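*Asks:* Have a look at this one.
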Amino acid sequence: MNDKTEQEYEALKDQRNKFEKERNSEILQLNNDIKRIQKELEEKFNDKNTLDSQIEESTNLNATKNLNVGKILIAIENLFDRCAEGTGH
């Protein structure tokens, strides 16, 4: 090989090496971004599951309270009926 060809070869080799380093750096950064975003996604799923549990707990508590209010109203109605029967109404 002549000097000019060797210089061109070395220049191309340097360009290739630089290109590979840049791409490898870019790939590493993208992989880091993916890991970070996956962690954020996992945290959001955990937050969602926590909120779902809180909603279910709140719904169950409301159902229990509504049932108790219904029982109280029935008891009041029964007491009223007994009182009304006792007074002759």
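Laboratory data are not the source of any read-out in this text; all were calculated from the coordinates shown. Quick caveat: nothing in here was measured; it's all calculated off a predicted structure. Glycine gets a Cβ as well: all are built from the backbone with ideal geometry, and neighbour counts include every protein chain shown.
*Asks:* Going Cα to Cα from Lys39, which lysines come in below 28 Å? Please leave out same-chain ones fewer than 8 positions away.
*Replies:* Lys39 reaches Lys21, Lys48.
*Asks:* Right, something else. Farthest toward the dipole's positive end in the chain, which of Thr64, Asn24, Asn2, given Cβ charges of +1 (Lys, Arg) and -1 (Asp, Glu) about the Cα centre?
*Replies:* Positive-end residue among those listed: Thr64.
*Asks:* What aspartates and glutamates sit close enough to Lys44 to cross-link, taking a C-alpha to C-alpha distance under 19 Å and skipping anything fewer than 8 places away on the same chain?
*Replies:* Asp33, Asp52, Glu56
*Asks:* Roughly how compact is the chain, stated as its Cα Rg over 2.2 N^0.38 Å to two decimals? Spell out each step's value before the answer.
*Replies:* Values: Rg = 37.9 Å, N = 89, 2.2 N^0.38 = 12.1 Å.
It is 3.13.
*Asks:* Next question. What aspartates and glutamates could a cross-link reach from Lys71, if we take a straight Cα to Cα line under 19 Å and drop same-chain neighbours fewer than 8 places away?
*Replies:* In chain and number order, the partners are Asp81.
*Asks:* Let me ask another. Within segment 12-89, list the chymotrypsin sites (Phe, Trp or Tyr not before Pro) lying in a DSSP loop whose Cβ has at most 14 other Cβ atoms in a 10 Å radius. The partial results should precede the final answer.
*Replies:* Details: sites: Phe19, Phe45, Phe80; in loops: none.
Loop-located and lightly packed - none at all.
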